[in-house]
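To start, the structure under review is shown below, and the notes come after it.
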Amino acid sequence: MCGIVGYIGHREAYPIIIKGLKRLEYRGYDSAGLILYDGIDLKLSKTKGKVSDLEEISKEISTNGTIGMGHTRWATHGVPNDVNSHPHMSNSGNLAIIHNGIIENYEPLKKELIKRGYVFHSDTDTEVLVNLIEEVQKKEKLKLGKAVQVALNQVVGAYAICVFDKQNPDEIIVARLGSPLAIGVGENEFFIASDASPFIEYTSNAIYLEDEEMAIVSLDKPLKIRKIKDDTLVDPYIQELQMNLEQIEKGGYDHFMLKEIYEQPNVIKDTYRGRLHANQGLIQMAGIEDNLEKFLNADRIIIVACGTSWHAGLVAEYIIEEFARISVEVEYASEFRYRNPIINKNDVVIAISQSGETADTLAAIKLAKEKGAFVFGVCNVVGSSISRETHAGAYTHAGPEIGVASTKAFTTQITVLTMIALRLAKAKGTLSNSDFHRYLQELELIPEKVAEALTTNDKAKEIATKFKDAPNCLYLGRGYNFPVALEGALKLKEISYIHAEGYPAAEMKHGPIALIDEHMPVVVIAPKQGHYDKVVSNIQEIKSRSGKIIAVVTKGDTQVRELADYVIEIPDTSDALSPLLTTIPLQLLSYHIAVLRGCNVDQPRNLAKSVTVE
Ligand code: M6R
């Protein structure tokens with residue numbers, strides 16, 4: 001959470017910082033700030049609010065300075081206000097810092113610094129860190145780079161930082177532990193950012209710092225990367241970026257979320273391109289082929305993830321168990337990491353994460369590795385921490401997902417996990433040849449069926465107008481579509497702030513049915529395949545208690561139509577693949593409800609796109 005940007009080079013830094021912060025705003029957006037060096041002095045501007053607010057107040061300080069740093073915040077320590085916003089200055093006014101992460105032992109450090117005469121203006125852990133660096137610098141008479149290193153060896157926590165010293169204005173010191181940090185390498189210029197989006201139009205060469213690495217980014221000296229712990233030099237690995245500018249812009253849509261919903265037919269195709277060969281009856285995924293024996297010998301598969309990725313994991317549980325007959329457990333990474341789980345050498349752990357930076361998922365992976373498990377990652381962001389921390393993996397190829405509400409990440413994760421299940425089933429012989437071929441063909445058709453499901457947009461909008469003021473909403477589904485009910489409810493609550501709950505439809509009579517009256521909208525996922533008759537009975541139970549039913553049904557359905565108040569039709573597919581279609585109208589419904597309620601769809605309150613704190 002929090003986005004950081006830095007620039008050192010020959011261009012005017014201000015527009016690069018502002019534009020970069022706007023692109024990183026998905027990471028946190030409760031306050032923003034920047035600092036520029038104009039060749040003589042530092043110009044600081046920061047405020048509670050969005051980057052657009054910062055832009056308003058900082059125009060007058062925009063200088064021709066070619067060095068600068070900026071920050072967009074998701075508050076951890078201290079409420080979002082002007083003072084707690086970054087950058088933070090050291091007591092002397094010489095050092096400036098921006099920080100993404102948490103310094104866990106900031107309180108004892110702060111007490112110690114107060115004893116030595118330091119004064120603190122904010123409630124942040126970051127202000128403690130910059131003063132600790134200053135104290136080390138003064139006491140041990142060290143250059144900034146060395147002082148940062150010594151200070152970082154005293155802190156516990158997570159960080160991606162940029163530190164600037166106005167007395168030595170030719171360099172920015174950067175370091176990372178647990179929070180991402182990329183360095184864009186241009187012609188006689190460097191960009192620093194939480195991800196590559198702020199510098200994509202300037203350079204396609206990037207270095208991703210690894211955990212416990214730091215660098216002095218300077219125009220005078222070659223870039224050197226060092227280990228924070230022992231000062232050893234690391235060879236910089238320059239990566240060529242695949243991202244392009246178009247991918248990170250709205251492309252005519254009102255919101256990133258809507259753009260990303262509409263990208264699904266294409267990105268699902270990108271996900272299976274080169275991996276799914278329906279005509280030849282083949283699934284080829286390098287990460288699986290290279291480790292096939294590990295999967296085939298697995299006593300069980302444990303899936304760890306958070307939020308929407310966890311829901312994709314639940315869908316995968318049904319699919320892997322059904323197709324490949326391997327026992328699967330799905331765990332919230334945040335629970336798994338703290339409950340001393342039993343993990344055996346023959347367990348395969350699959351970690352799912354769009355961002356590849358989620359702190360709890362990362363910690364769960366480390367724990368599983370320590371206990372000897374083989375860990376496989378399903379990530380979207382190429383080069384992310386999780387993709388590097390896992391033994392092997394498969395990218396989802398969804399492209400940048402910027403809306404905080406996950407949409408295309410979910411369907412592409414399910415696509416990858418379905419291909420894994422099919423590949424394992426083929427190797428184990430747990431699916432008949434004809435079923436295997438049928439699933440390959442059906443999966444290949446999913447993009448065009450998703451495109452058809454997207455034509456329900458007007459219907460979703462119409463239904464949204466009816467229910468936009470509902471205080472609660474229930475989502476019900478069974479089997480493969482139970483996780484879709486959870487996902488539908490999560491989507492609604494996170495962007496529209498309507499309380500919503502997802503339930504397995506049959507569980508309704510064990511409690512939630514008490515909530516049903518004529519004011520309660522109930523979204524029921526009832527495709528023709530699967531447990532259709534059972535779900536119809538559940539719909540009848542709701543109907544007889546006057547609940548308002550919005551049903552997602554297979555095209556041509558007549559039975560549910562008679563009972564439901566509203567129906568949304570999706571194309572037919574097999575039960576196992578139906579989540580890829582049933583989820584589409586639910587995304588659209590939440591989107592329209594949130595828009596009608598005047599909510600900030602792409603940046604819902606209190607949230608951030610990548611949760612890099614626990
Ligand atoms: O990047 P990850 O997939 O690891 O993120 C996990 C969750 O934080 C994420 O899915 C979150 O729940 C989304 N906002 C849901 O739309």
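The values are calculated or read from the model by the stated rules, or taken from the named source; none is laboratory data. Since this is a predicted model, take the numbers as computed values, not measurements. Methodologically, a virtual Cβ is constructed for each residue, glycine included, from the backbone with ideal geometry; neighbour enumeration extends over all protein chains shown. The accessibility values were calculated without ligands, DNA or RNA, using every heavy atom of the protein model including side chains. Shrake-Rupley method; radii C 1.70, N 1.55, O 1.52, S 1.80 Å.
For region 158-198, applying the loop criterion from DSSP together with a ceiling of 13 other beta carbons within 10 Å to the GluC sites (Glu not before Pro) yields GLU187.
You can think of it this way: the chain between GLN167 and ALA514 has 118.2 nm of extra reach, that is 0.36 nm per residue less the Cα-Cα gap. Using Cβ point charges alone (K and R +1, D and E -1), the dipole size of the chain about the Cα centre works out to roughly 520 debye. A 1.4 Å probe run over the protein chains yields, for region 300-430, 29 Å² of accessible area per residue, whole-number rounding. Note on the chain: helix-only mean residue ellipticity at 222 nm, from DSSP H runs of 4+ residues weighted -39500 (n - 2.57) and normalised by residue number, equals -11000 deg cm²/dmol.
Computed over protein heavy atoms with a 1.4 Å probe, the accessible surface of region 459-602 works out to 36 Å² per residue. In this structure the amide hydrogen of ARG478, modeled in the peptide plane, comes within under 5 Å of the amide hydrogens of ALA505, none closer than 5 places in sequence on its chain.
Across the chain, the relative contact order, built from alpha-carbon pairs under 8 Å that are at least six residues apart, equals 12 percent. Overall form of region 241-289: prolate. Here a/c, set by the Cα gyration tensor axes a ≥ b ≥ c, is 1.5 or more, and a/b is the larger of a/b and b/c.
For a straight C-alpha distance cut-off of 16 angstrom, the lysines reachable from LYS22 (same-chain residues fewer than eight places away being disregarded) are LYS46, LYS48, LYS50, LYS59, LYS250, LYS609.
Within the straight-line cut-off of under 29 Å between alpha carbons, the lysines reachable from LYS139 are LYS43, LYS110, LYS111, LYS115, LYS166, LYS221, LYS224, LYS227, LYS229, sequence neighbours fewer than 8 places apart in one chain being disregarded.
Shown is the FRET efficiency for LYS371 and LEU292, computed with R0 = 22 Å from the Cβ-Cβ distance and rounded to the nearest 0.05: 0.50. Rounded to a whole number, what % of the accessible area of the chain do carbon and sulfur atoms account for, probe 1.4 Å? Percent of accessible area from carbon and sulfur atoms in the chain: 47.
Spin-label model, HIS77 to TYR253: label points 7 Å out along the Cα-to-beta-carbon direction sit 3.8 nm apart. Given R0 = 25 Å, the distance between the Cβ atoms of LYS59 and LEU142 translates into a calculated FRET efficiency of 0.10.
Both the radius of gyration and Dmax for the chain are 25.4, 80 Å, in that order, over alpha-carbon atoms. With bins 10 Å wide beginning at 0, the percent of Cα pairs of region 3-247 falling in each bin runs 8, 36, 39, 16, 1, 0. Going 7 Å from the Cα of LEU223 toward and past its Cβ, which residues in region 99-114 have a backbone nitrogen under 17 Å from where you end up? Under cut-off, by backbone N: nothing. Setting aside same-chain residues fewer than 8 positions from LYS294, which lysines have a Cα under 25 Å from its Cα? Straight-line reach from LYS294, under 25 Å: LYS345, LYS366, LYS369, LYS371, LYS426, LYS428. What shape does region 1-126 take by its C-alpha gyration tensor, where a ≥ b ≥ c are the square roots of the eigenvalues and a/c under 1.5 counts as rounded, a/b above b/c as prolate, and the rest as oblate? Oblate is the answer for region 1-126, as a/c is 1.5 or above yet b/c matches or exceeds a/b.
Extension gain for HIS277-GLN540 works out to 90.4 nm (0.36 nm per residue, less the C-alpha to C-alpha distance).
Here the relative contact order of region 3-247, from alpha carbon pairs under 8 Å that lie six or more residues apart, stands at 18 percent. Beta bridges per DSSP, both residues in the chain: antiparallel share near 60 percent.
Counting DSSP beta bridges with both partners in region 256-596, what percentage is antiparallel, nearest 5? Just about 5 percent of them are antiparallel. In this calculation the C-beta distance from GLU507 to GLU246 is compared with R0 = 56 Å, giving a FRET efficiency of 0.80. Across region 256-596, the convex hull enclosing all Cα atoms gives 124 Å³ per residue. Kindly point out which whole DSSP H helices in the chain project their C-alpha atoms 24 angstrom or further along the helix axis while averaging a Kyte-Doolittle hydropathy of 0.5 or above. Those that clear 24 Å and a mean of 0.5 are 408-428, 579-596. Take region 54-122 with all the other protein chains still there, run a 1.4 Å probe, and you get 44 Å² of accessible area per residue.
Classify region 430-496 from the C-alpha gyration tensor, please: rounded if a/c falls under 1.5, else prolate or oblate depending on whether a/b exceeds b/c.
Cα axes put region 430-496 in the oblate bin.
Of the trypsin sites (Lys or Arg not before Pro) found in region 5-91, those in coil by DSSP whose Cβ has at most 16 other Cβ atoms within 10 Å are ARG11.
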